[in-house]
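Notes to accompany the following structure.
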Amino acid sequence: MSASFATALSAARDAAAAQHYPQGALYVVATPIGNLADITLRALHVLQLADAVACEDTRHTQALLRAYGIDKSPQQWMAVHQHNEAEAAQNVLQRLQRGDRVVYVSDAGTPGVSDPGARLVSAVQAAGLRALPLPGASSVTAAISVAGALDRSSGASAPLAGGFVFAGFLPSRATERNAAVQALVAEPRCTVLLEAPHRIEDLAAALGALSDRQVTLAREITKQFEEIATMPAHALAGWLGGGASRSRGEFVIVVHPAPQPAGEEAPLTETELRMLRLLIAEMPLKTAVRLAAELTGAPRNALYEAALALKNGPEPD
């Protein structure tokens, strides 16, 4: 057993063993995206408990588990990757139908996002079997958490009030990639991209079409040479050219929400209007508007106008 994680394995049993872990279920387990210490206690417990481990690369995942002091026999390993996922899912189903607990992990992070896993889970669900998530590391949410991307469309700098789009890897061909970037120009919401080191410079050049729109580049998240930088999109190519190491590693790019044009105010959302209706029904109009502004971040003037319309006339469009 690895001495550095011996205590963690013991803590995992103490912290997670009391929960019920049904047999005949697929456990979709998030693994670290770089730093081994980012594994969860419940993930360690389930990896120890598993009758079989399905994964993208058995050699990679064997090395990961051995780093934690977990060993599995050759018969417990199953390769399930993007090239064989549909066929390999049938082997997983056979294991589940005989009552095995099967863990699925991708090479890093949360399966089924940009890594394989979705087809396997779909097959498990179609067979009437359970797929249980064990959340953990994700490069997407990790990058968003340090991007400081604010959605100002509500007038109150609400953090991503309009949600975000996960676009993953853009096409590798220049014509298709440029078309995808043009679509980003028209997309007001926060958008998350992924990119590999050999294509990051081409992507940065293409993203210059976003001009002054802010982007956050996260390189080698959680690893020794992690680097996070936020800048206008047109400056991204120049930043990458500032040092040879800046084009190395795996990249997450967060395209911040488009700024609200000066003088424009976004219409209230259905959620904001619904909350306003509920508050108006219970309290004076001005109090309802004040509370709605505090709870939703929507502009008070827009809420007041909507409240008057709700109180005295037809609902606003």
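The values are calculated or read from the model by the stated rules, or taken from the named source; none is laboratory data. Remember, it's a predicted structure, so these values are computed and weren't measured experimentally. For neighbour counting, all protein chains shown are included, and Cβ atoms are generated from backbone atoms with ideal geometry for every residue, glycine included. Remember, those area values only see protein heavy atoms, side chains included, never the ligands or the DNA or RNA. Shrake-Rupley method; radii C 1.70, N 1.55, O 1.52, S 1.80 Å.
Return only the number of the condition from (1) under 22 Å from residue 223 (Cα atoms); (2) buried (at least 17 other Cβ atoms within 10 Å of the Cβ) that residue 69 does not satisfy.
(2)
Given the residues 121, 102, which is the only one that is modelled with pLDDT of 95 or more, surrounded by 12 or more Cβ atoms within 10 Å (Cβ to Cβ) and farther than 20 Å from residue 45 by Cα?
Testing whether each residue is modelled with pLDDT of 95 or more, surrounded by 12 or more Cβ atoms within 10 Å (Cβ to Cβ) and farther than 20 Å from residue 45 by Cα leaves just 121.
Quick test of your reading of the structure: residue 9 fulfils all but one of (1) surrounded by 21 or more Cβ atoms within 10 Å (Cβ to Cβ); (2) touching a Phe, Trp or Tyr at 6+ places or on another chain (Cβ under 9 Å). Name the failing condition by number.
(1)
May I ask you to list the residues in region 211-225 that are surrounded by fewer than 14 Cβ atoms within 10 Å (Cβ to Cβ) and either part of a strand (DSSP E or B) or not aromatic (Phe, Trp, Tyr) (or both)?
211, 212, 224
Only one residue in 23, 82, 75 is open to solvent by 50 Å² or more (accessible area, probe 1.4 Å) and assigned to a helix (DSSP H, G or I). Which one?
75
From (1) without any contact (Cβ under 8 Å) to a residue 24 or more places away in the chain; (2) of a type in the set (Gly, Ala, Ser); (3) over 28 Å from residue 253 (Cα atoms), pick out the condition that doesn't hold for residue 37.
The single condition residue 37 does not satisfy is (3).
Regarding residue 53, is this residue assigned to a helix (DSSP H, G or I) and either modelled with pLDDT under 95 or open to solvent by less than 60 Å² (accessible area, probe 1.4 Å) (or both)?
So residue 53 does not fit the description; no.
Hey, does region 230-246 have a residue that's free of Cβ contacts under 8 Å to residues at least 40 places away in the same chain, in contact with a strand residue (DSSP E or B) (Cβ under 7 Å, 6 or more places away or on another chain), loosely packed, with under 15 Cβ neighbours inside 10 Å and within 29 Å of residue 136 (Cα to Cα)?
yes
Pairs only if they're at least six apart or on different chains, beta carbon under 6 angstrom, first in region 179-208 and farther than 18 Å from residue 257 by Cβ and among the hydrophobic types (A, V, I, L, M, F, W, C), second open to solvent by 10 Å² or more (accessible area, probe 1.4 Å) and assigned to a helix (DSSP H, G or I); list them, first residue then second.
Every condition considered, the pairs that remain are 200/247; 204/237; 205/237; 206/177; 206/178.
Would region 229-242 turn up any residue that is of a type outside the set (A, V, I, L, M, F, W, C) and either at pLDDT below 95 or assigned to a loop (DSSP other than H, G, I, E, B) (or both)?
Start the filter on region 229-242 by keeping residues that are of a type outside the set (A, V, I, L, M, F, W, C), which leaves 230, 232, 234, 238, 241-242.
Next cut, either at pLDDT below 95 or assigned to a loop (DSSP other than H, G, I, E, B) (or both) only: 241-242.
Checking region 229-242: at least one residue is of a type outside the set (A, V, I, L, M, F, W, C) and either at pLDDT below 95 or assigned to a loop (DSSP other than H, G, I, E, B) (or both).
In the list 114, 106, which residue meets the criterion of being hydroxyl-bearing (Ser, Thr, Tyr) and more than 29 Å from residue 6 (Cα to Cα)? Step through it out loud before you land on a result.
Values: 106 fails: more than 29 Å from residue 6 (Cα to Cα).
Within the list 114, 106, the selection yields 114.
Need pairs with beta-carbon distance below 6 Å; first residue on the phi > 0 side of the Ramachandran plot and within region 288-309, second assigned to a helix (DSSP H, G or I); sequence gap 6+ or separate chains.
Final answer for the pair search is 297/154.
Within region 88-101, identify whether any single residue is closer than 21 Å to residue 39 by Cβ and in a loop (DSSP other than H, G, I, E, B), and answer yes or no.
Taking every residue of region 88-101 in turn, at least one turns out to be closer than 21 Å to residue 39 by Cβ and in a loop (DSSP other than H, G, I, E, B).
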